[in-house]
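The values are calculated or read from the model by the stated rules, or taken from the named source; none is laboratory data. Please read these numbers as outputs of a predicted model, since none were measured by experiment. As a convention, Cβ positions derive from the backbone with ideal geometry for all residues, glycine included, and neighbour counts pool all protein chains shown.
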Amino acid sequence: MASEIEALRARLAELEARNAALELREKEFETRIAELDEEKRHYQWLAESTTDLISRHARDGTFLYASQAARELLGYEPEELIGVSAYDLFHPSDLADLLNKSPRVYYHDGFYQQTYRFRAKSGRYVWFETTSRTRRDPASGELIDVLCVSRDVGRRIHAEANRERLARVVESTTDYVLFCDGDERLFYSNEAARRLLGLPREGLDAGLERAYTPASLTILREIVLPAVARYGSWSGELEMPGPRGAVPVLSVVLAHRGPGAEPDHLSLLNRDIGLRKAAEAQARRHQEQIAHANRLATTGELASNIAHELNQPLGAIGNYASGALMQLAADPERPARDLTLPLTRIDEQVQRLGERLRHIRAFVRKGQTRPRPVVLLDAVDAACRLCEWQYQQAGIGLEHELPEALPRVLADPIALEQVLVNLLLNALEASREHPGAARVAVRAHQSGPREVTFSVNDQGPGVSEAEAQAIFAPFHSSRPEGLGMGLAISRSLMEAMGGSLELANGSEGATFAGTLPTEPPPAHRRVPPRSQP
């Protein structure tokens, strides 16, 4: 009897322990269910909060579920998409691409991606990139549903299209386009650059020394690359080697900056300016020929003054020679030292005559305009001497008031003298027949830290407002017999020397003002112009 009671007690204890274990497992199960519910709510919250469209579809593409992102991406409320076939919203061309894929891609492998256009509620198409995963019954293999995550990639597609268009433009342009890294190694060249430099399309292995002449390579290393590192860009003229010699190019060098840009990578855009350079050289030669013709015409106008200039020393030479001969005729045994004075005077006049002849020859010679430091007072004196006889004949005073402390200007002496002579003759013509006109004045002053301005002022009738608009135009003249080229050529010469020539406002008559740069100070070094970022 006692043994049976003990057995019952043991059985009861076993049942209580099993019951406690079951209660514990029940609590663990309830906890797990709560955790799963929490995870479900969390994943549901993620699905509803993400900006990507999360959707579930039947085998025929019908929406079984759509997340809240459908509202922002497509303009549909999620409930509006339920029961709608996604295939009906595909762009026709993109749907054909999808249906033409092997069924193995999206039925057997179970995972696929596609970029396509999807019609929004407004009728516009949105570029989608969708990642899909198929779910199947493990036992039967039947398709349960298709889970999709879709995102708007319109910006990326348009950016890629823009990059492709730009790449085609760069490849087809006639400019020479190069990309290089921080080690001066070229890693891209367009078709035009490859033809010019003889570079391969693939396997490009060359440095900047292959793309530029030695002189331009020095400029790149010493000036351009430091400027680009500091300011982001540089532009200027360089030279590239070509099959027929150096090719002058207008180069723009840009640093690659922005998200994803490699440090120290550069773009070098080079435009062939050989034709422009040749045209400029031809224009300069043409301008020099016109200026030479103008000087010859001016020399003709100054013929009486030149004759007077030559007649004075010739007359003096004749007088001194006659005096010396008379002394020798009166006393043939006269010592030679007694003829020192007349012979010295003859020598002085010969030197003066030679100087005037050299000056006239230099004035009419044909040559290029080469600016160099010039004393403005010397140029004004020379121009005034050439015009002095005409002024004397017309009874018009010619005066110049120039400070001796003026810095030297950068100019071609002959070109500057030609400009001054043109202005002086124009001023004389304006004053000649105007009552009360008594003088023409030449003045100068330092008008800026690195420039000097001279002016020629007459007391003539002045220039009307209507005429002032065309006074510098070629072939415009207020004189019936004038060619109308003097002022046009004068302005061109001033601009060729880095200066300007303008009609200035004066209290009386007309005032023409010319401005020229001054020579740099001794310690000045040329600094390359600051590049614009």
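How many of the residues making up the range 50-72 are crowded, with 19+ Cβ neighbours inside 10 Å, farther than 14 Å from Glu129 by Cβ and more than 50 Å from the chain's Cα centre (by Cα)?
Qualifying residue count for the region: 4.
If we keep just the residues of the range 434-447 that are surrounded by fewer than 21 Cβ atoms within 10 Å (Cβ to Cβ) and farther than 17 Å from Ala504 by Cα, which is nearest to the chain's Cα centre (by Cα)?
Arg439
From the set of residues in the range 499-518 that are part of a loop (DSSP other than H, G, I, E, B) and at pLDDT below 90, which is nearest to Leu220 (Cα to Cα)?
Asn505
Within the range 74-99, restricting attention to residues that are assigned to a strand (DSSP E or B) and touching a Leu at 6+ places or on another chain (Cβ under 8 Å), which residue is nearest to Glu129 (Cα to Cα)?
Taking the range 74-99 as the starting set, the residues that turn out to be assigned to a strand (DSSP E or B) are 82, 85, 90.
Adding the requirement that they be touching a Leu at 6+ places or on another chain (Cβ under 8 Å) leaves 82, 90.
Details: Ile82: 20, Phe90: 12 Å.
Residue satisfying both the conditions and the ranking: Phe90.
I'd like the residue in the range 149-207 that is of a type in the set (S, T, N, Q) and buried (at least 16 other Cβ atoms within 10 Å of the Cβ) and, out of all such residues, is nearest to Phe118 (Cα to Cα). Reasoning before the result, please.
To start, the set of residues in the range 149-207 that are of a type in the set (S, T, N, Q) comprises 150, 162, 172-174, 189-190.
With the extra rule that they be buried (at least 16 other Cβ atoms within 10 Å of the Cβ), the set shrinks to 150, 189-190.
Numbers: Ser150: 10, Ser189: 38, Asn190: 37 Å.
Top of the filtered list is Ser150.
Can you tell me which residues in the range 423-443 are within 10 Å of Ala394 (Cβ to Cβ) and charged (D, E, K, R)?
Passing the criteria: Glu429, Arg432, Glu433.
For the structure I just gave you, tell me whether Phe179 is of a type in the set (A, V, I, L, M, F, W, C), in a strand (DSSP E or B) and closer than 26 Å to Val228 by Cα.
Numbers: of a type in the set (A, V, I, L, M, F, W, C): yes; in a strand (DSSP E or B): yes; closer than 26 Å to Val228 by Cα: yes.
It is true that Phe179 is of a type in the set (A, V, I, L, M, F, W, C), in a strand (DSSP E or B) and closer than 26 Å to Val228 by Cα.
When only residues in the range 156-180 that are closer than 16 Å to His256 by Cα and at pLDDT 90 or above count, which is nearest to the chain's Cα centre (by Cα)?
The extreme case among them is Val177.
Which of the residues belonging to the range 108-124 are touching a helix residue (DSSP H, G or I) at 6+ places or on another chain (Cβ under 9 Å) and in a strand (DSSP E or B)?
Phe111, Tyr112, Gln114, Thr115, Tyr116, Arg117, Phe118, Arg119
Does at least one position in the range 308-329 carry a residue that is among the acidic types (Asp, Glu) and modelled with pLDDT of 70 or more?
Step one: of the range 308-329, the residues among the acidic types (Asp, Glu) are 309.
Those left that are additionally modelled with pLDDT of 70 or more: none.
Taking every residue of the range 308-329 in turn, none turns out to be among the acidic types (Asp, Glu) and modelled with pLDDT of 70 or more.
Filter the range 399-433 for residues that are farther than 18 Å from Val375 by Cα and free of Cβ contacts under 8 Å to residues at least 60 places away in the same chain; which is surrounded by the fewest Cβ atoms within 10 Å (Cβ to Cβ)? Walk me through it before giving the result.
Here is the first cut: in the range 399-433, the ones farther than 18 Å from Val375 by Cα are 422-433.
If we keep only those that are free of Cβ contacts under 8 Å to residues at least 60 places away in the same chain too, we end up with 424, 428-429, 432-433.
Numbers: Leu424: 24, Leu428: 21, Glu429: 18, Arg432: 16, Glu433: 10.
Among them, the one singled out is Glu433.
Only one residue in Val228, Val247, Val252 is surrounded by 18 or more Cβ atoms within 10 Å (Cβ to Cβ), out of contact with any Asp or Glu (no Cβ under 9 Å at 6 or more places or on another chain) and either over 22 Å from Arg194 (Cα atoms) or assigned by TED's automatic domain parsing to the domain that holds Pro214 (or both), so which one is that? Let's see the steps before the verdict.
On the way: Val247 fails: out of contact with any Asp or Glu (no Cβ under 9 Å at 6 or more places or on another chain); Val252 fails: surrounded by 18 or more Cβ atoms within 10 Å (Cβ to Cβ).
Exactly one residue qualifies, and that residue is Val228.
So for the range 457-475 (the condition being in the same structural domain as Leu516 (by TED's automatic domain parsing), closer than 30 Å to Pro520 by Cβ and crowded, with 22+ Cβ neighbours inside 10 Å), does at least one residue qualify?
No, because not a single residue in the range 457-475 is in the same structural domain as Leu516 (by TED's automatic domain parsing), closer than 30 Å to Pro520 by Cβ and crowded, with 22+ Cβ neighbours inside 10 Å.
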